[in-house]
Amino acid sequence: MYVNRSAPHGTIYAHEGLEVVLVGAAFDQEVSMAFVGDGVFQLKQAQDTSGIGTKNFAGAYRALADYDVTRLYVETESLEERGLTVDDLMPLTYDDEGDDDQEKSLITLIDRASLGQLFEAQDVILNF
Amino acid sequence: MLHTVNKSPYQSDALTTCFGLAQPGSAVLLIEDGIYGAMTNTKFSAAVVIAQQCCAIYVLEPDLQARGFNSDCIMNAIQAIDYDGFVSLVEANSVVQAW
């Protein structure tokens, strides 16, 4: 599991973390992502970096499904503390082949207690 | 004096330290990850309201837009400015403190 705790654009962590996830998934690792703290800002919709002259990598989150990365856990408390709701996040979906190609959201909201337990179930955790 | 804050208030005490030390009449400009301090409905909103009583608070709009926000998302009385406005603030203040 990759744990994303950094806001996008101000530092390189969010972009680099996403690149590592895509590389890992390309090598058939079983990958999930958690978004905690300022990491939830990575998924904010309507990011437009044209004014600051940097690459807008927000679109690359939509490629995650193509790499079979379909489990993005977003901590509810982190959203609330930042005045955000799930409706403020990018609508990320995939077609679940195991469930009659139904369109499902990549994003799963999870509370802090449950996320802590989910960490315990991981083989490897990498923080960005 | 112009204070610039470029760090997320959730990651760093730069914003609250700045507010504690900024003197009346100062300008505080939120840039880069500092823009998250300008949002409504956060635990920093109350501190911003207090700081506004003595300081003019600005936020750099291109940094808002890069992060998926716009001037409608920020607290009342925080003014969104562009790079030209940033330059004007620097011109108007002889000293800049970059937090």
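Read-outs throughout are calculated quantities, based only on the coordinates presented, and are distinct from any laboratory measurement. Everything numeric in this text was worked out from a predicted model, so none of it was measured. Virtual Cβ from ideal backbone geometry, glycine too; neighbours counted across all protein chains shown.
Mean separation of Cα pairs under 8 Å and 6+ residues apart, divided by the residue count of chain A: what relative contact order is that in percent? Numbers along the way, then the final one.
Numbers: 191 pairs, mean separation 39.5, N = 128.
This gives 31 percent for chain A.
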Points 7 angstrom from Cα along the Cβ direction at A:Thr54 and B:Ser12: gap in nanometres? 1.2
Most fluctuating of B:Gly25, B:Gly37, B:Gly68 in the GNM of chain B (C-alpha, under 10 Å) is B:Gly68
Going 7 Å from the Cα of A:Leu118 in the Cα-to-Cβ direction, what parts of region A:56-83 have a backbone nitrogen less than 15 Å from that spot? A:69-80
Please work out the C-alpha center-to-center distance from region A:1-68 to region B:59-95 and express it in whole Å. 26
Between the modelled labels at B:Ala77 and A:Val23 (7 Å from Cα along Cα→Cβ) the distance in nm is 4.8
Take peptides B:48-54, A:15-21, A:115-121 and line them up by average Cβ neighbours within 10 Å, highest first, as a rough protection proxy. A:15-21, B:48-54, A:115-121
Residues of region B:42-85 with the amide nitrogen closer than 17 Å to a label point 7 Å from the Cα of B:Met1, along Cα-to-Cβ, please. B:51-52, B:54-58
Which of the pairs A:Lys104/B:Lys43; B:Lys7/B:Lys43; A:Lys55/B:Lys43 have their Cα atoms more than 23 Å apart in this structure? A:Lys104/B:Lys43; A:Lys55/B:Lys43
Go ahead and estimate [θ] at 222 nm for chain A from helices alone: -39,500 (n - 2.57) per DSSP H run with n ≥ 4, summed, over the residue count, rounded to 500. -6500 deg cm²/dmol
FRET efficiency for B:Ser45 and B:Gln97, using Cβ-Cβ distance with R0 set to 22 Å, rounded to 0.05: 0.45
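Starting from 0.36 nm per residue, how many nanometres of slack lie between A:Asp111 and A:Ile12 once their C-alpha separation is accounted for?
Working: separation 99, 0.36 × 99 = 35.64 nm, distance 2.68 nm.
Between A:Asp111 and A:Ile12, full extension yields an extra 33.0 nm.
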Considering only the protein assembly as shown, what is the antiparallel percent among its DSSP beta bridges, to the nearest 5? 20
Taking R0 as 22 Å, what FRET efficiency do you get between A:Arg71 and A:Ala46 from their Cβ-Cβ distance, rounded to the nearest 0.05? 0.40
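What number, in nm² with one decimal, is the all-direction average of the projected area of the convex hull of the alpha-carbon atoms of chain A?
Working: hull surface 31.9 nm².
Seen from a random direction, the Cα hull of chain A projects 8.0 nm² on average.
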For a label point 7 angstrom out from the Cα of A:Lys104 toward its Cβ, which stretches of region A:61-86 have the backbone nitrogen within less than 20 Å? A:61-76, A:86
